[in-house]
Amino acid sequence: MSPHRAVAAVPRWDVLTESAAGLYCPPGDFFIDPWQPVPRALITHAHGDHARPGSAAYLCTVGTAALLRRRLGPGTSIETIDYGARMAIGGVTVSFHPAGHVLGSAQIRIEGPDGVWVVTGDYKRASDPTCEPFEVVSCDTFITESTFGLPIYRWDATAVVMRDILAWWNANRDAARASVIFCYTLGKAQRLLAELAPLTDRPVYVHGMMLGMIEAYREAGVPLPEVKQVIEAKGRSRASFAGELVLAPLAARGTPWMRRLGAISDAFASGLMRVRGVRRQRAYDRGFVISDHADWPALLQTIGETGARRVLATHGHAEPLARYLRDEGLESGIIRTAWEGEPSGD
Ligand SMILES: [Zn+2]
Ligand SMILES: [Zn+2]
């Protein structure tokens, strides 16, 4: 365990503290989303940068457990808790509340002798037919994600983005090209499928790597339209995917798998596509700005609604957000994360 890291303007670390393995709660003797194996891990959601393998025991929501069992394999000790249920652990009481990010995603509320802390994990305020909507939880200290914690990040309404996707798909059909949308396998793919369902009668194809998580969502009771798998159809002409829409994981980009689709136009569905330089650098034909994270206005709105006196930012643009909040008169700081890669589910 590393000593408490000094973060300016954060005088006390009673309920949660930073440790070498991640956020630690001394009175409850558990970790939240640890990046190293620990005896007891409370997990906000099933994305790989939050749910790491190897811990002796996990506690998470029912929806997250359905995804974690697939990701971490059988034999993993996973205890589930319903949204809103209170559980005493050591000297604190914990409860999980919807974060609106992906299936099962939760904010973790910790009530101790010195007040109430909330750890958001990843969250969004936009509606999403595949998960419970975000719930505002009043607290004294709010640990917020800040993946898109810059004023440039502002999302359009989902309906507007879906209209753009349909128009692009139609234009590609007219040009006899396949439309390939790259997106995250856990969360974004299911959200796009659910949003597309009422808008089209045409089938949507998916890369085989996406089937497992789509099935997990279905098993958890999330209604999703039928999908067709892009398989190596022997004897099928390459033109057979002309006009079709295909969802694919980022890992499939540039692989031989792409060749069977024939002529394509490709796109990336992510909040990162808000930045023109990123679109150009990644060289997608199109970028659809649809994110499973809160944008800048939603971060500020949420922070205000919690009534928190102290706000700690983590993940992504933590420093700019903390600085902004300090200028606004709030007590604020940042929490370091060991995760150096791109955020998953962005
Ligand atoms: Zn996430
Ligand atoms: Zn994350």
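The values are calculated or read from the model by the stated rules, or taken from the named source; none is laboratory data. What you see is a predicted model, and the numbers here were worked out from it, not measured in a lab. Here the Cβ positions follow ideal geometry from the backbone for every residue, glycine too, while neighbour counts run over all protein chains shown. Protein only, heavy atoms only, side chains kept; ligands, DNA and RNA dropped before computing areas. Shrake-Rupley method; radii C 1.70, N 1.55, O 1.52, S 1.80 Å.
Could you give the angle, 0 to 90 degrees to the nearest 10, between helix 296-306's Cα long axis and the longest principal axis of the Cα atoms of the chain? Orientation of helix 296-306: about 40 degrees from the principal axis. Loop-located GluC sites (Glu not before Pro) across the stretch 145-243 with a Cβ neighbour count of 11 or fewer within 10 Å are Glu226, Glu232, with loop assigned by DSSP. Can you give me the % of accessible surface on the stretch 119-248 that is carbon or sulfur? Probe 1.4 Å, all protein chains present, nothing else counted. Taking all protein chains in place, the stretch 119-248 shows 51 percent carbon and sulfur surface. Within the chain, what percent of beta bridges assigned by DSSP are antiparallel, to the nearest 5? Rounded to the nearest five, the antiparallel share is 35 percent.
Tell me the relative contact order for the chain as a rounded percent, counting alpha carbon contacts under 8 Å between residues six or more apart. Taking the mean separation of contacting Cα pairs over the length of the chain, I get 18 percent. For Arg40, the shell of other residues with beta-carbons less than 10 Å away shows a net charge of -2, using +1 for Lys and Arg and -1 for Asp and Glu. With a ≥ b ≥ c the root eigenvalues of the C-alpha gyration tensor of the stretch 205-285, is it rounded (a/c under 1.5), prolate (a/b larger than b/c) or oblate? Verdict is oblate for the stretch 205-285. Shown here for the stretch 53-127: trypsin sites (Lys or Arg not before Pro) in loop regions (DSSP other than H, G, I, E, B) with at most 15 other Cβ atoms within 10 Å, namely Arg86. Mind running the shape call on the stretch 61-154? Use the C-alpha gyration tensor, a ≥ b ≥ c as the square roots of the eigenvalues: rounded below 1.5 for a/c, prolate if a/b tops b/c, oblate otherwise. Oblate, since a/c reaches 1.5 and b/c is not below a/b. For the stretch 1-134, DSSP calls about 70 percent of its internal beta bridges antiparallel. Helix-derived [θ] at 222 nm for the chain: sum -39500 (n - 2.57) over DSSP H runs of at least 4, divide by residue count, nearest 500? Using -39500 (n - 2.57) per qualifying helix, the result is -6500 deg cm²/dmol. Dipole size of the stretch 1-151 about its Cα centre, with +1 on Lys/Arg Cβ and -1 on Asp/Glu Cβ: approximately 340 debye, rounded to the nearest 20. Ligands, DNA and RNA are left out, and with a 1.4 angstrom probe the accessible area of the chain is 41 Å² per residue. For the stretch 262-330, the set of trypsin sites (Lys or Arg not before Pro) satisfying both a DSSP loop assignment and a count of at most 10 other C-beta atoms within 10 Å is empty.
Compute the signed sum of charges (Lys and Arg +1, Asp and Glu -1) over the other residues within less than 9 Å, Cβ to Cβ, of Glu244. Around Glu244, the surrounding residues sum to +3. Taking amide H as placed 1.01 Å from N in the peptide plane, the amide H of Phe182 sits under 5 Å from that of Ala248, Ala267, Phe268, Ala269, each at least 5 places away or on another chain.
Residue-wise HN-Hα couplings along the stretch 53-59, as the Karplus relation 6.51 cos²θ - 1.76 cosθ + 1.60 with θ = phi - 60° gives them from phi, are x, x, 6, 6, 8, 10, 10 Hz; Gly and Pro carry x.
Between the helical axis of 158-174 and the dominant principal axis of the chain, each derived from Cα atoms, what acute angle in degrees is found, rounded to the nearest 10? Here the helix axis deviates by roughly 20 degrees. Taking a Cβ cut-off of under 11 Å around Ser55, the surrounding Lys, Arg, Asp and Glu residues balance to a net charge of +1, with basic ones at +1 and acidic ones at -1. Taking amide H atoms as placed 1.01 Å from N in the peptide plane, the amide H of Phe134 lies under 5 Å from those of Gly100, each 5 or more residues away in sequence or on another chain.
Rounded if a/c is under 1.5, else prolate if a/b beats b/c, else oblate: with a ≥ b ≥ c from the C-alpha gyration tensor eigenvalues square-rooted, which is the chain? It is prolate, given that a/c is not under 1.5 and a/b is the larger ratio.
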